[in-house]
Amino acid sequence: MFRFKQFSVDQTGCAMKINTDGVLLGAMAGEGEPLSILDIGTGTGVIALMLAQRFANAFIDAVEIDEQAATTAKTNFKNSPFKNRLTLYANGFEPFFDEHPDKRYDLIVSNPPFYINSLQSPGAKINLAKHAVDGFFERLISTVAAHLTEQGIGWLILPVDTSELVKNLVKQHELYLKKIITIHSFKDDAAHRELLAFGRTKTQLAIDKFVIYDEPKVYTDMYREVLKDFLTIF
């Protein structure tokens with residue numbers, strides 16, 4: 001059980017446990033007052049729960065293809081103070097939209113599998129959670145493009161090499177990058193992740209740098225500020 005300030009997350013049966021990527025996406029994705037949100041590949045449900053805390057008027061759908069993880073996420077939603085605004089669908093994002101073709105969202109987020117064509121990890125659940133098959137990101141971006149509202153924004157967190165692929169796909173689907181946040185362990189390190197925000201309308205691209213540590217085991221002020229409403233250590 002991972003305890004946050006306003007909710008707790010059971011991780012039973014989830015191959016991908018709560019990690020820095022997920023909590024940063026949950027804490028940083030979105031702005032304004034989105035009323036409809038979709039979390040693709042919710043896992044434990046932590047990102048959806050964080051978004052529910054941040055956006056008090058939003059209704060949030062979450063899809064999860066792994067049956068056991070979906071069951072755990074559904075329980076986490078039910079046990080949270082936001083249970084009336086969270087709905088879990090035990091499905092992949094493509095069959096979900098086959099069943100709900102008219103759904104549109106102000107905010108779509110995902111912490112997707114990202115090891116493209118890499119050596120498969122042992123264990124079916126780890127494979128499902130971490131490995132993207134050929135064409136996965138093409139399908140993901142085309143689906144997000146089709147189901148954003150006119151002013152809607154998609155947010156992904158990705159390793160830098162995968163991010164380059166996704167940036168090209170965003171352009172191919174007539175979407176525009178709005179923000180890139182480069183994530184660094186230490187200020188002089190190369191970025192190891194990027195947060196990408198994109199939508200239908202063209203705006204000035206903002207590029208920000210986010211650093212996690214001042215020194216080993218000492219978090220930066222920016223990390224503390226972003227996660228102070230969530231993590232009990234702050």
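A few remarks follow.
- Dividing the convex hull volume of the alpha-carbon atoms in the chain by its residue count gives 127 Å³ per residue.
- Largest mean-square fluctuation among 100, 173, 192, in a Gaussian network model of the chain whose springs join Cα atoms under 10 Å apart, belongs to 100.
- Within straight-line cross-link reach of residue 78, aspartates and glutamates at Cα separation under 14 Å, skipping those fewer than 8 residues along the same chain: 10, 61
- Residue among 60, 47, 141 with the largest mean-square fluctuation in a Gaussian network model of the chain, springs linking Cα atoms under 10 Å: 141
- Loop-located GluC sites (Glu not before Pro) in the range 160-234 whose Cβ has at most 12 other Cβ within 10 Å (DSSP): 174
- Under a Gaussian network description of the chain, with springs only between Cα atoms under 10 Å, the residue in 166, 218, 63 that fluctuates furthest is 218.
- Remark: relative contact order (the range 2-227) = 16 percent; criterion is Cα-Cα distance under 8 angstrom and separation of 6 or more residues.
- Remark: relative contact order (the range 126-223) = 26 percent; criterion is Cα-Cα distance under 8 angstrom and separation of 6 or more residues.
- Under 19 Å from residue 202, Cα to Cα: lysines that are on another chain or at least 8 residues apart: 167, 171, 178, 179
- A simple spin-label model places the labels of residue 100 and residue 35 1.6 nm from each other, with each point 7 Å out along Cα-to-Cβ.
Any read-out appearing in this document is the output of simple, stated calculations on the displayed coordinates, not a laboratory observation. Bear in mind the structure is a predicted one, so any value in this text is a computation, not a measurement. Here Cβ is always computed from backbone atoms with ideal geometry, including for glycine, and neighbour counts include all displayed protein chains.
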